[in-house]
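Note sheet for the following structure.
Laboratory data are not the source of any read-out in this text; all were calculated from the coordinates shown. Owing to the predicted nature of the structure, the values given are computational and were not obtained by experimental measurement. Positions of Cβ are backbone-derived with ideal geometry, glycine not excepted, and every protein chain shown enters the neighbour counts.
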Amino acid sequence: MKSEQSIAIMKALADQSRLAIINSLLERSQYVEEIAKRHGLAPSTVSFHLRKLEQAGLVSSRKEQYYVVIQANDAIFDTTLREIVSAPAVGRELQDGRMEEYRRKVLETFFRHGMLDKLPTQHKKRLIVLEQFASRFEPEQRYSEQEVTGLIMPLFDDYCTIRRLLVDEGLIRREGATYWLEEKAGEPVAQSALPVQTVKGSSHMPKDSTRADLKRLYKQNTPNMGIYQIKNKANGKIYIDSSTNLDGTRNSRMFQIKMGKIVFSRELQKDVTAFGADSFEFSVLDVLDKPEPGDNVKRLLAALELHWLEKLQPFGERGYNSAKAFERNMQELWQQSGITLPVSKEPGNERV
């Protein structure tokens, strides 16, 4: 049963007169005039109620000589209330997408370059963060305390707090010095939105593991950063931007396009409305080398983004980026390097 029909049924039955009419029709089929007399209603009022019931699929009509006979739809009344309310909700995909977008924003806020910056104080946000740590455990795999530390430290230095919270929130189980993720029947295993380094057995995390080893694992687990483009296949226009998590950004951007709600570009929003979501594709233009400790990732990404903006010129008729913003960012980058970049004032000869 479709959600629209479920709603129509509930609305149709939310009226005392229609409930009375249905009750009498469940006894036997009747003429409109007979229904009107039985319930003390005008024939026009009965006809109005019957239209509502018929639109919901609760009754049907047939002609017998000069009269119209109304009968209850037995198949509908054999449907349980559970079946009616469990029909796919209108906008469920949109609701799920909004929740996924909320989770993504929480993770982007609290995780910087693959590591947790700080724990959220709000409980629901903290659970989203803790789920990322729990997803690093293999279901039913037993871990020692040291192995749990090895799973946590690549993402957060305070492994004691995370380990305790995972147990307190019931995300993992503990017995003595042994920890494990309990696989619950009928529930899918949570997938991490962050890179996972799985630790299986003590051979993967020797007892003499050092902090340097754990930092090395962090570097291996850093999400791919780089430059991406969104292309309108209908007219060839492109939008270019940088990201510290290309996979996460791909999911977020394409979901916004699918829903027709673009929050990062007004010009792109106009064309999504005009051409439809299927006219757009996401692709990675360049991936930044894995950063070393102390690297200014933000500046490296900014320079790489400006390089691609200058190369592809996605401005005006060619794309959705702002030429003024590009010029301003280019000037700022050169100034940070100690060089002043001259800006041409001659019309039609701006440096873009």
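Only lysine pairs 8 or more places apart or on separate chains count here, and in the stretch 43-159 those with Cα atoms under 29 Å apart total 4.
Once you have a ≥ b ≥ c as the square roots of the Cα gyration tensor eigenvalues for the stretch 18-63, tell me rounded if a/c is under 1.5, and otherwise prolate or oblate according to whether a/b is larger than b/c. Judged from the Cα gyration tensor, the stretch 18-63 comes out rounded (a/c under 1.5). Here r is the Cβ-Cβ distance between Ser44 and Gln5 and R0 is 22 Å; the resulting FRET efficiency, rounded to 0.05, is 0.25. Lysine pairs in the stretch 250-336 whose alpha-carbon atoms fall under 24 angstrom of each other, counting only those eight or more residues apart or on distinct chains, come to 8.
Loop-resident GluC sites (Glu not before Pro) (DSSP state other than H, G, I, E or B) in the stretch 100-171 with no more than 12 further Cβ atoms inside 10 Å of their Cβ: Glu140.
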